[in-house]
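Here is the structure we will look at, set down as structure tokens.
Derivation of every value follows stated rules applied to the coordinates shown; laboratory data play no part. As the structure is a computational prediction, the values presented were derived from the model and not from experiment. When we count neighbours, we look across all protein chains shown, and the Cβ atoms used for this are built from the backbone with ideal geometry, even at glycine.
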């Protein structure tokens with residue numbers, strides 16, 4: 001593992017219209033470490049995760065992942081970063097298997113069909129692999145998204161409310177997934193309102209209040 | 001794992017669009033019925049004079065395709081807005097230019113299929129002769145559909161997040177398509193009717209030039225349209 005931080009934010013701000021969602025935020029996270037991101041609704045957690053994921057970019061300041069600035073190096077960084085988000089990025093009229101197969105093929109995976117089957121079995125959707133996502137509950141959609149995250153085997157995993165919509169077995173599975181990612185050396189950022197659960201899974205903490213860093217631990 | 005290149009990415013986006021269309025047939029059904037109604041209404045509006053109908057048949061055909069393309073292009077990016085799938089594609093990752101190429105080909109093939117369905121209808125309603133120059137007629141149809149799909153894909157992506165997207169798309173697209181429409185109607189006319197001055201090749205060249213310009217501009221600007229910079 002190199003000395004270059006996995007995430008480095010330098011005075012990052014993000015504006016939507018007249019409102020600053022994130023304001024003058026700076027922090028670094030070493031590679032292989034995990035961070036718990038907390039804050040009230042609207043505190044800027046999702047915007048921050050989307051910026052780190054290269055889904056959007058700062059209005060001011062700079063974000064670097066593994067030493068590379070995100071805006072200029074998005075093409076190289078995107079294969080290394082996975083975002084589990086409120087928006088599940090799934091095509092409603094494609095089946096779970098088709099959605100994952102598309103992701104696997106875009107990643108250039110070898111034997112994508114076998115990999116997709118294995119992952120759907122793993123998240124407990126093997127029997128529903130050929131059902132359209134439109135027929136799935138919110139929890140099942142989340143499981144497909146988890147399978148897609150596993151498919152990517154990311155160096156940096158960004159988990160936005162990963163326990164939401166999951167049943168108890170799904171939550172246990174999610175906790176296992178976070179630990180597995182950490183054991184593989186991945187850097188993990190976990191945003192959740194379940195603070196005690198999040199603390200048990202992470203090493204560092206960043207609390208946001210109205211887009212500003214409130215405290216770290 | 002190594003992410004796919006430009007052409008493979010475009011192919012996977014195209015294949016995904018075909019899979020979506022095959023599962024729902026939403027776009028094809030809507031565009032077919034809408035364009036059939038349009039052709040039928042034109043024939044009623046112009047009255048029973050067969051010579052007038054025959055003379056204007058290429059114009060009616062292209063207006064039918066053009067109006068239906070608004071439904072098709074809008075739907076093409078509605079599915080991408082649902083669950084923010086377009087962002088998912090970009091992060092997957094796939095190059096935005098691959099998405100452009102895949103979407104253009106997907107939209108163009110759907111419009112071309114629609115055009116093929118409408119050709120026999122123009123025979124029934126307007127009494128045109130499709131056997132005079134069928135190869136060049138199909139070429140004009142293909143080039144015209146590509147000419148709608150290339151700028152249409154860019155404007156559809158631009159308007160997909162707008163509140164009044166159903167109004168925005170035709171307002172943005174129709175003025176841009178006027179030269180293409182003139183060329184497509186003229187090329188189709190000379191493929192269906194007598195071409196004593198041999199004007200058809202010139203119109204086909206003009207259509208090809210429009211397609212190349214729209215494809216090049218779209219290829220360059222599409223990443224700016226879909227990336228949240």
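What is the calculated FRET efficiency for residue B:15 to residue A:193, with r their C-beta to C-beta distance and R₀ = 56 Å, to the nearest 0.05?
The calculated FRET efficiency here is 0.90.
How far is helix A:112-122 tilted off the main Cα axis of chain A, in degrees rounded to 10, range 0 to 90?
80 degrees
For residue B:50 and residue B:30 in the same chain, what is the full-extension length gain: residue separation times 0.36 nm, less their Cα-Cα distance, in nm?
Stretched out fully, the residue B:50 to residue B:30 stretch lengthens by 4.4 nm.
For chain B, modelled as a GNM with alpha-carbon contacts under 10 angstrom, which of B:144, B:47, B:152 fluctuates the most?
B:47
Where the centroid of each part is defined by its Cα atoms, how far is the range A:63-111 from the range B:161-229 in Å?
33 Å
Could you put B:176, B:226, B:94 in order, starting from the residue whose Cβ has the fewest other Cβ atoms within 10 Å?
B:176, B:226, B:94
Note the full-extension length gain between residue B:178 and residue B:212 as 0.36 nm times their separation in residues minus their Cα-Cα distance, in nm to one decimal.
10.6 nm
So what's the back-of-envelope 222 nm ellipticity for chain B, counting only DSSP H runs of four-plus at -39500 (n - 2.57) apiece and dividing by all residues, rounded to 500?
-29500 deg cm²/dmol
Over the residues of the protein assembly as shown, compute the C-alpha Rg and express it relative to 2.2 N^0.38 Å.
Its radius of gyration relative to the 2.2 N^0.38 Å reference: 1.14.
Compute the length gained on full extension between residue A:24 and residue A:131: take 0.36 nm times their separation in residues and subtract their Cα-Cα distance, giving the result in nm to one decimal.
Length difference between fully extended and current span is 34.0 nm.
I need the fraction of alpha carbon pairs in the range B:161-229 separated by more than 15 Å, rounded to a whole percent.
Tail of the P(r) past 15 Å holds 66 percent of the pairs.
Can you pull the percent of Cα pairs in the range B:78-204 with separation above 18 Å?
For the range B:78-204, the fraction of Cα-Cα distances above 18 Å is 61 percent.
Expressed as a fraction of 2.2 N^0.38 Å, the rule-of-thumb size for a compact globular protein of N residues, what is the C-alpha radius of gyration of the range B:6-228?
Dividing the Cα Rg of the range B:6-228 by 2.2 N^0.38 Å gives 1.03.
How would you order A:81-88, A:13-20, A:141-148 from highest to lowest mean count of nearby Cβ atoms within 10 Å?
In decreasing order of mean packing, A:81-88, A:13-20, A:141-148 become A:141-148, A:81-88, A:13-20.
Per the Kirkwood definition applied to all pairs of different Cα atoms, how many angstroms is the hydrodynamic radius of the range A:114-165?
11.6 Å
Given points 7 Å out from each Cα along the Cα-Cβ axis, report the residue A:15 to residue A:214 separation in nanometres with one decimal.
2.5 nm
With a ≥ b ≥ c the root eigenvalues of the C-alpha gyration tensor of chain A, is it rounded (a/c under 1.5), prolate (a/b larger than b/c) or oblate?
Verdict is prolate for chain A.
Say each of residue B:229 and residue A:175 gets a label point 7 Å from the Cα, pointing the same way as Cα to Cβ; how far apart are those two points in nm?
According to this spin-label approximation, the distance is 4.5 nm.
Can you give the FRET efficiency for residue A:138 and residue B:41, using 1/(1 + (r/R0)^6), R0 = 56 Å, r = Cβ-Cβ distance, to the nearest 0.05?
0.80
Among B:1, A:174, rank each residue by its count of other Cβ atoms within 10 Å, from fewest to most, as a rough exposure measure.
B:1, A:174
Averaged over peptide B:128-139, how many Cβ atoms belonging to another chain are found within 10 Å of each residue's Cβ?
Mean partner shielding for this stretch: 0.
Please work out the FRET efficiency for the pair residue B:78 and residue B:196, using the Cβ-Cβ distance as r and a Förster radius of 41 Å; give the result to the nearest 0.05.
After rounding, the FRET efficiency stands at 0.35.
What value in Å³ per residue do you get for the convex hull of the alpha-carbon atoms in the range A:33-94?
Taking only Cα atoms, the range A:33-94 has a hull volume of 135 Å³ per residue.
For A:137, B:37, B:156, B:98, which order do you get if you count the other beta carbons within 10 Å of each Cβ and list the fewest first?
By the 10 Å Cβ count, ascending: A:137, B:37, B:98, B:156.
Give me the Å³ per residue figure for the convex hull around the C-alpha atoms of the range B:19-146.
104 Å³
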